[in-house]
Amino acid sequence: MNDNTEVKLHFLDYWRVIKNRMGLILLTFFLVTVSSGVYVAFLPKEYYSRVTMEIKPDNNKGLDPINMGGMNRADPTFISTQFNILKKTEILYPVIEKLDLVSKFSPAGMRMSPSWVARVLERSMNVQEQRNTTLIEVGVYNTDAKLAAVIANTIATTYRDKRIDDLKRNVDLTLAEMRDELDHKRNEVKKLFAESATIRQEEEIIDPDPENGNAIVSLSEKPLAQYEQLVVEKRNIVDQLRNQLTRIDQLQPEELLEALRTLNIDDPTMLKTLPLLQDAQAEEAKLLNSGLGENHMRVKSLRAQRDVYRATLAQQLDSIKRSQRTKFNIEETNLKTLEVKLDELRRKQIEEKTRLTRYVEKKANYLSAKQLLMAIEQRYAAAMFDKTLSTIPVKIWESAEPGLSPEKPKIPVYMALAMLIGAVVGVGLAFFIEYLDTSVKTIEDIEKYLSLTVLAVVPRDIAVLIKQKRDSADAEVYRILKANIEFNQTDREANTYTLVSGGPAEGKSTTLNNLAYTYAKAGARVLVVDADLRRPSQHRFFDVDNSVGLAEYIQHKVELEAIIKPTKLENLSFIPSGKLPQDDAGVLNSPRMGSLISQLKKQYDIVFLDSPPILGVSDASLLVSEVDNTIMVVQHRRFPRGMLLRVKQTVAHVGGNLIGVVLNNVDTKQDDSYSYYSNYNDYYSPQREPGVGEKKTRATAAALPEEGEKY
């Protein structure tokens, strides 16, 4: 709520500045608008002619032998690039030369350079695109309608011819590059083919189709697989013999028969002797069991025979072991020989595969180069075919024609812009002057900078109340002033007042006269003393002769009773200023003036002394020091705050009692912040009834009491 109120107040402040400075704003607006209108009226009239043409990107972008770019794609910057090219000197210089624009554009008696003419021509050009098309418009402004059309058409044809020439040069350059590339590729293909053939012959490589990359390439057949099989078989035999030999070493002669069967060893001696040994042992056991003794002949005979068999078997077992070991050693030697041979074959095969890899890589390079060569030959043939066809990268669809009416200056646009600028400059100037203006504008200014109470706000063009035949609404502001004076004075016995101001014509005398009238209408015995001896004005308000007055009394020429004059109001008296001697400007600086104020203070309820401006004149300072209370009159928006601060300091310096400020001559109709001060015009009018129109108000005004009556 508070934020909204603050924003609203700020807006009202801005609007108040605009209203108060409306005259300046309107003057600035008028001057800018009229000046712009005069300026536009004298601007040269320019005609506009345009040519419409279609532009296409170049199909040839240089050497692209295998079409790596794929299909042609639109370049988003192509159109904008052409806009810039159209304004470059490569296009404009030929146009300038063809049309002799140097002599046509140069000022009278001068011949400018082509670069200067090119800049002038560039500024007169307008290039724009028709949306979603490849059409562009090239327009030219010129004071000569026919010349504008000729220039536009010449620019279009020059650009078209330049694009065609560039395209032909690009094609020729591309063909030359492709021919060089063809020769280079042919030599490269021949070289690669010869190198691959040499490797194939030297390494005895079998290639059924050297021109086919999918052909199976192999080396000459070698018995590597056979040797690998033989090594495996021989290794099995050696392992088997090693196992048999280990078993035989662990056997006893009696175990040979069964072991030899298990080991698949056939030995006739062993097969014949071993059963005999077994039979002898069995017979021996039979005889011993039958009761024969160890020394029996038959037992001894069997044991001798058994020992012979056992010795025979032992000898045969040693023979078998030697035979098996010899066989094992032979087979192991053969295995090592085969393994050495196999390792050699494998090493040779690795070397042969390396040679095969060299050949495969060389063949692949050859086939790739051959394929690229064929692609270049195809592109070259296509380029040669395209060269025979006519290519038009730029086509003019609509030639420029002379304009029928001027296009520049656009008077409505210029004037609308001038009016906008005038309004902006006027408002800106108003706020700038408002910023520089340090005069008092609001009650807040007085309270902030002077630290004084505002007793009343007096509207502009207020009437002199004593000259009114009837009571009017203007009197209400002085009733408010009277009430505030009574509220703000601390000494109830104080009854002498003077109104001071910093400069002349701030409404001090009128305010004093109306305030005195208000006090008198309220029933007080009031005396007005015109102490402004230099520029008296109160006698004109009261319509009283000013030939004799205060000046003569101070000079002891007349008595007090002779200078006190009655007025239209019964209890309101007046002492005119009299005639100030030329050689005695400081007549107020007299003890007689102080004693006069003391005497009048006792004789009247309220005494008002009108004084000159306090700055620069000593009379006002003297009066301020003698009276009980002083009121400062400040004219709205006239003098700077620094001057008013000096008035306050002067009053304080001479010992005056400054009780408040009257803000005078406020335009309440223009300044909304004071509009409520004028509401009493309707609110306090006792004859005005709610709902009654203006005619009735005027009718009741005629029935107001005469000015002699009190209210």
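Details
- Inter-site label distance for ASP183 and ARG123 at 7 Å from Cα along Cβ, in nm: 5.4
- In loop segments of the range 164-215 as defined by DSSP, the GluC sites (Glu not before Pro) with at most 10 further C-beta atoms inside 10 Å of their C-beta are GLU204.
- Ranked list, fewest to most other Cβ atoms within 10 Å of each Cβ, for ASP619, ASP75: ASP75, ASP619
- ASP545 paired with ASN589, simple spin-label distance in nm, labels 7 Å along Cα-to-beta-carbon: 3.3
- Residues of the range 125-142 with amide N under 17 Å of the 7 Å Cα→Cβ point at GLU401: 138-140
- Around the amide H of VAL464, modelled in the peptide plane, lies no amide H under 5 Å away from a residue 5 or more places distant or on another chain.
- Modelled spin-label separation between ALA381 and LEU276, with each label point placed 7 Å from Cα along the Cα-to-Cβ direction: 10.1 nm.
- For the range 310-326, backbone phi angles converted through the Karplus equation (6.51, -1.76, 1.60; θ = phi - 60°) give residue-by-residue couplings of 5, 5, 4, 5, 5, 4, 5, 5, 4, 5, 5, 4, 4, 5, 5, 5, 4 Hz, Gly and Pro being listed as x.
- Over the range 461-678, relative contact order from alpha-carbon pairs under 8 Å, at least 6 apart, %: 27
- Contact order normalised by residue count of the range 536-612, Cα under 8 Å, 6+ apart, percent: 29
- Checked against a 18 Å cut-off, the cross-linked pairs LYS234/LYS327; LYS185/LYS363; LYS469/LYS565; LYS467/LYS568; LYS19/LYS441 give Cα-Cα distances beyond that limit for LYS469/LYS565.
- Relative contact order for the range 438-532, counting Cα pairs under 8 Å that sit 6 or more residues apart, in percent: 24
- Relative exposure of PHE29, PHE542, judged by other C-beta atoms within 10 Å (fewest first): PHE29, PHE542
- Close amide H partners of SER439, meaning residues 5 or more places away or on another chain with modelled amide H under 5 Å apart, are ARG641.
- Per-residue extension of 0.36 nm, minus the Cα-Cα distance of GLU447 and ALA483, leaves a gain of 11.1 nm for this segment.
- Mean Cβ count within 10 Å, highest first, over the residues of peptides 474-482, 82-90, 647-655: 474-482, 647-655, 82-90
- Sorted by Cβ density within 10 Å, fewest first, the residues VAL458, VAL232, VAL617: VAL232, VAL617, VAL458
- Highest to lowest packing among 160-166, 93-99, 291-297, scored as the average C-beta count within 10 Å: 93-99, 160-166, 291-297
- Residues in the range 624-665 reached by a label modelled at LYS602 [backbone nitrogen below 16 Å; 7 Å Cα→Cβ]: none
Laboratory data are not the source of any read-out in this text; all were calculated from the coordinates shown. All of these numbers come straight from a predicted model, not from anything done at the bench. A quick note on method: Cβ atoms are made from the backbone with ideal geometry, for glycine too, and the neighbour counts reach across all protein chains shown.
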